[in-house]
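J.: Handing you this structure, nothing more for now.
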Amino acid sequence: MSPEFSADPVKNRARHALLTKLTASTANPAAAEMARELLAGNVTPRGILGANLYADVLAGSTAGFTEWYGNLSEAEKDAQAEAGRNALAQLASMEDEPAPSRRARPDSADDDEDFSEVDWLDG
């Protein structure tokens, strides 16, 4: 079971999706490692902040975000906030959709074959 990052299931799913995407980051291996550790439950967000774990990752990301956000006009900030709300609403609507059904495997006579006497190490 993966860790919960929010009591709100939609926000939790969004955070998991972002962390999962971050694990594939080749541009920032330290950030990818941090995301993997969070998803594995080996560390909590509070633990990262409290112990200054990955401080270099957070400092660089925070500085870049602050610069980007500081250069936005009020209209652009409003548009970004609306885009965030729309993304959360889209995730929430996905929660209402039924899960895709899985096709049952067709019955096969091979399923009943007894492999108990096979030595898998001998090839």
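The values are calculated or read from the model by the stated rules, or taken from the named source; none is laboratory data. Only a predicted model underlies this, so the values are computations on that prediction, with no experimental measurement involved. Cβ atoms come from the backbone with ideal geometry, glycine included; neighbour counts cover every protein chain shown. Remember, those area values only see protein heavy atoms, side chains included, never the ligands or the DNA or RNA. Shrake-Rupley method; radii C 1.70, N 1.55, O 1.52, S 1.80 Å.
J.: For the range 16-68, which whole-number percentage of the solvent-accessible area (1.4 Å probe, protein heavy atoms only) is attributable to carbon and sulfur atoms?
T.: Ligands and nucleic acids excluded, carbon and sulfur give 62 percent.
J.: Work out the length of the dipole vector of the range 13-83 about its Cα centre, built from +1 on the beta-carbon of each Lys and Arg and -1 on the beta-carbon of each Asp and Glu, and round it to the nearest 20 debye.
T.: With Lys and Arg at +1 and Asp and Glu at -1, about 400 debye.
J.: Let me ask something else. Would you check the accessible area of Arg36, probe 1.4 Å, heavy atoms only, in square angstrom rounded to 10?
T.: Rounded to the nearest 10, that gives 110 Å².
J.: Between Ala92 and Glu76, what length in nm is gained on full extension when 0.36 nm per residue of separation is reduced by their alpha carbon distance?
T.: This chain segment gains 3.3 nm when fully extended.
J.: Quick one: grab the alpha carbon gyration tensor of the range 1-100, order the square roots of its eigenvalues as a ≥ b ≥ c, and give me rounded if a/c is under 1.5, else prolate or oblate depending on whether a/b is larger than b/c. Don't jump to the answer; show the numbers that get you there.
T.: Working: a/c = 2.00, a/b = 1.06, b/c = 1.90.
Taking the square roots of the gyration eigenvalues as a ≥ b ≥ c, the range 1-100 is oblate.
J.: Can you give the FRET efficiency to the nearest 0.05 for Glu33 and Phe65, using r as the Cβ-Cβ distance and R₀ = 25 Å?
T.: Between Glu33 and Phe65 the formula returns 0.80.
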